[in-house]
Amino acid sequence: MSTYSQMHIEILSHTPDPERVVALAARLCYSPLGGEKLKDALTQEKVERLLESVLGMGHFSVLEHVTFTFLIEGVSRVTTHQLVRHRIGCSYSQKSQRYVRETEPEFVVPPKIEKDLGKKEMFLNSCRESFTAYCDLVDSGVHQEEARYLLPQALESKIVVTMNGRALHHFFNLRCCNRAQGEIRTMAQKMLNLVKEKAPILFATAGAACARGPCPEGDKSCGRWRKKGEVNGNH
Ligand SMILES: Cc1cc2nc3c(=O)[nH]c(=O)nc-3n(C[C@H](O)[C@H](O)[C@H](O)COP(=O)(O)OP(=O)(O)OC[C@H]3O[C@@H](n4cnc5c(N)ncnc54)[C@H](O)[C@@H]3O)c2cc1C
């Protein structure tokens, strides 16, 4: 059994010096200078000013020049299914249920179920029964790619994800929001914290829409953005 807090996320690799790359791309659009002279002229102070300007005016295409690759483990199939709905500027490699036979499955239990002993038992018993039936089918000669139809969505999965900077901003916008489901929101927030360590200016304004202004969710809004002093918070 595992819970949201046990998910493991790390950055496997990223574009070296991502903020400088984005700043150079932005500067080149509006400068008569060639690449070498631009590189020489690009002080850290100019990088910071350019990035703030690019993010402020919404010139997000220059963020497509940098990518971040994450290793994500300990999340449910519910969450990886939501993750892979993000199509643009994103690449995925996920543990296969066709080629890998499940032998020691972990089941991700949502916190509200996890903290109630009776519900947790009901949840885990159902997962285990499904898994037992899966094993019985495979042992009887059914290929795991067909037996897997029985496996619950709570089953833990592993996935490597690469997203460019623009796709990440969009992803954080939708999935750091309180309207997103708890597990993917936890995942998105952890990813945001990691990229902020690597590129703090590039992702300074990233997060739920209310990190920058009014909530676009209308009557479905959680109302948090209205609370004074919280418009800058990523929740
Ligand atoms: C709170 C929440 C609830 C959700 N509920 C549901 C639900 O009930 N059912 C459901 O099916 N999904 C649901 N989703 C998933 C959602 O519909 C999107 O599939 C997912 O968030 C990916 O977003 P995206 O399409 O903007 O991202 P991407 O696929 O990365 O696309 C990025 C952007 O590119 C543009 N784009 C991409 N593809 C096209 C295209 N074919 N034509 C034109 N423009 C395109 C759009 O501007 C899009 O925003 C939900 C998402 C959230 C955050």
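The values are calculated or read from the model by the stated rules, or taken from the named source; none is laboratory data. Predicted model only: the values in this text are computed from it and were never measured. Neighbour counts are summed over all protein chains in view; Cβ atoms, including those assigned to glycine, are modelled from backbone coordinates with ideal geometry.
Values for this structure:
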quantity	calculated
Glu64, sole failed condition from (1) part of a helix (DSSP H, G or I); (2) charged (D, E, K, R); (3) away from the ligand (no atom under 16 Å from the Cβ)	(3)
Hey, Gln94 buried (at least 18 other Cβ atoms within 10 Å of the Cβ) and in contact (Cβ under 8 Å) with a residue 24 or more places away in the chain or not	no
Matching residues in region 160-176 - criterion: being surrounded by fewer than 23 Cβ atoms within 10 Å (Cβ to Cβ) and either more than 11 Å from the chain's Cα centre (by Cα) or at pLDDT below 95 (or both)	Asn164, Arg166
Test result for Val66, surrounded by 13 or more Cβ atoms within 10 Å (Cβ to Cβ), of a type in the set (Val, Ile, Thr) and closer than 30 Å to Gln144 by Cβ	no
Residue identified as closer than 22 Å to Asn193 by Cα, at pLDDT 95 or above and out of contact with any Ser or Thr (no Cβ under 9 Å at 6 or more places or on another chain) among Glu48, Glu73	Glu48
Of all residues making up region 205-231, the number that are at pLDDT 80 or above, in a loop (DSSP other than H, G, I, E, B) and either acidic (Asp, Glu) or touching a strand residue (DSSP E or B) at 6+ places or on another chain (Cβ under 6 Å) (or both)	1
Flag for Glu114 being under 25 Å from Leu151 (Cα atoms), modelled with pLDDT under 95 and more than 16 Å from the ligand (Cβ to nearest atom)	no
First in region 68-90 and more than 24 Å from Glu106 (Cα to Cα) and near the ligand (Cβ under 7 Å from one of its atoms), second anywhere and of a type in the set (Lys, Arg) and in a helix (DSSP H, G or I), Cβ under 8 Å, 6 or more apart	Gly89/Arg166
Residues (within 15 Å of the ligand (Cβ to nearest atom), surrounded by fewer than 16 Cβ atoms within 10 Å (Cβ to Cβ) and not in a loop (DSSP other than H, G, I, E, B)) located in region 177-202	Gly182
Qualifying residue in region 136-151 (condition: of a type in the set (Ser, Thr, Tyr), away from the ligand (no atom under 16 Å from the Cβ) and assigned to a helix (DSSP H, G or I))	yes
Where a residue in region 30-53 is assigned to a helix (DSSP H, G or I) and its partner, wherever it lies, is hydroxyl-bearing (Ser, Thr, Tyr) and surrounded by fewer than 11 Cβ atoms within 10 Å (Cβ to Cβ), with Cβ under 8 Å and at least six apart	none
